[in-house]
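Before any comments, here is the structure.
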Amino acid sequence: MCALDFGLAQGIDAAIIQLVRAGKIGSIACLPVSDLWPKSASGLHAYLKTAPKRPIVGLCLAITGPFSPLSTGFAPENRDQQGYLPRRTDLARAARRFELDERTLEAEFRAQFRRFTAHLGSSPHFLVLQPEILYFAAAARAVTGTLAKFDAATLPVICPLLPQANGWKDKLEKRHIWRANDHMREPWVRRALMEPPNAERLPPKNSWLQDGKIWTAIRPALPDERLSRFDPDPLFRVKQMGWL
């Protein structure tokens with residue numbers, strides 16, 4: 001199990017460390033974009049040096065939330081709260097105006113990646129993506145650019161499940177304006193760790209084998225040489241995985 005939002009608040013940090021000590025969780029996803037991150041990273045680093053069993057520590061990339069952007073010149077702006085990362089409505093407005101710049105988003109993701117490493121002293125073991133990153137094609141491509149920049153092509157990426165579009169208008173906007181389906185064409189999707197929608201209808205565990213481990217909480221996407229079970233079209237392949 002993985003605990004999210006380490007670095008969001010001191011109480012959350014303390015609770016996560018307690019759960020790790022109790023053996024309830026084995027991985028932590030951190031928010032380096034948070035103002036509290038330098039102090040949180042210092043406490044986590046001190047714990048990791050003395051922990052009998054070290055948890056896996058990953059990075060949660062954020063594109064929305066009550067955080068100030070780490071990169072200069074970030075756009076779009078949050079219309080309601082100046083100085084904070086944009087809301088989904090701000091991102092949608094920029095996408096409709098063709099103002100959602102992949103290079104600007106990549107600069108922010110790079111800054112979050114660097115801040116994680118600078119304060120914790122090590123690279124992340126995995127990435128967790130906010131749903132808004134998958135909703136917008138420019139943000140998904142920015143993730144690919146960030147992974148290439150830091151030579152992290154093999155880093156596992158945990159992708160949240162996106163809800164179905166609500167009505168034909170919402171479906172058309174997400175498909176043709178936000179281009180939400182385009183993230184399925186990014187190379188990291190094939191090694192992403194996908195949360196199963198129905199834990200009672202999972203395939204046999206032997207088909208989950210990846211890197212010598214059997215995953216029971218999250219189902220990994222199959223590597224390239226094992227994609228023969230699925231249709232070569234990436235979008236249809238995801239639908240087939242959902243049917244499992």
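Only one entry in Leu134, Leu91 is over 24 Å from Ile12 (Cα atoms), surrounded by 22 or more Cβ atoms within 10 Å (Cβ to Cβ), at pLDDT below 95 and of a type outside the set (Gly, Ala, Ser), namely Leu134.
Residue under question is Ala118, and the condition is that it be under 24 Å from Lys149 (Cα atoms), small (Gly, Ala, Ser), modelled with pLDDT of 95 or more and surrounded by fewer than 17 Cβ atoms within 10 Å (Cβ to Cβ); does it hold? I'd like the intermediate steps shown before the answer.
Values: under 24 Å from Lys149 (Cα atoms): yes; small (Gly, Ala, Ser): yes; modelled with pLDDT of 95 or more: yes; surrounded by fewer than 17 Cβ atoms within 10 Å (Cβ to Cβ): yes.
Yes; evaluated as a whole, the condition is true for this residue.
Contact annotation: residue pairs with Cβ atoms under 9 Å, 6 or more positions apart or on different chains, pairing a residue in the stretch 10-26 that is surrounded by 14 or more Cβ atoms within 10 Å (Cβ to Cβ) with a partner that is acidic (Asp, Glu) and modelled with pLDDT of 90 or more, are Ile12/Asp5; Ile16/Asp5. Just to be sure I understand, how many residues within the stretch 95-112 are among the hydrophobic types (A, V, I, L, M, F, W, C), surrounded by fewer than 19 Cβ atoms within 10 Å (Cβ to Cβ) and either within 28 Å of Ala41 (Cβ to Cβ) or modelled with pLDDT of 95 or more (or both)? Matching residues across the stretch 95-112 total 1.
Looking at Leu120, Leu127, which one is touching a helix residue (DSSP H, G or I) at 6+ places or on another chain (Cβ under 6 Å), touching a residue at least 60 places away in the same chain (Cβ under 8 Å), closer than 26 Å to Ala3 by Cα and aliphatic (A, V, I, L, M)?
Leu120
Of all residues in the stretch 16-27, those being in contact with a Gly (Cβ under 7 Å, 6 or more places away or on another chain) and not polar (S, T, N, Q) number 0.
The values are calculated or read from the model by the stated rules, or taken from the named source; none is laboratory data. This one's a predicted model, so the numbers in the text were calculated from it and none came from an experiment. Positions of Cβ are generated from backbone atoms using ideal geometry, with glycine treated the same way; all protein chains shown enter the neighbour counts.
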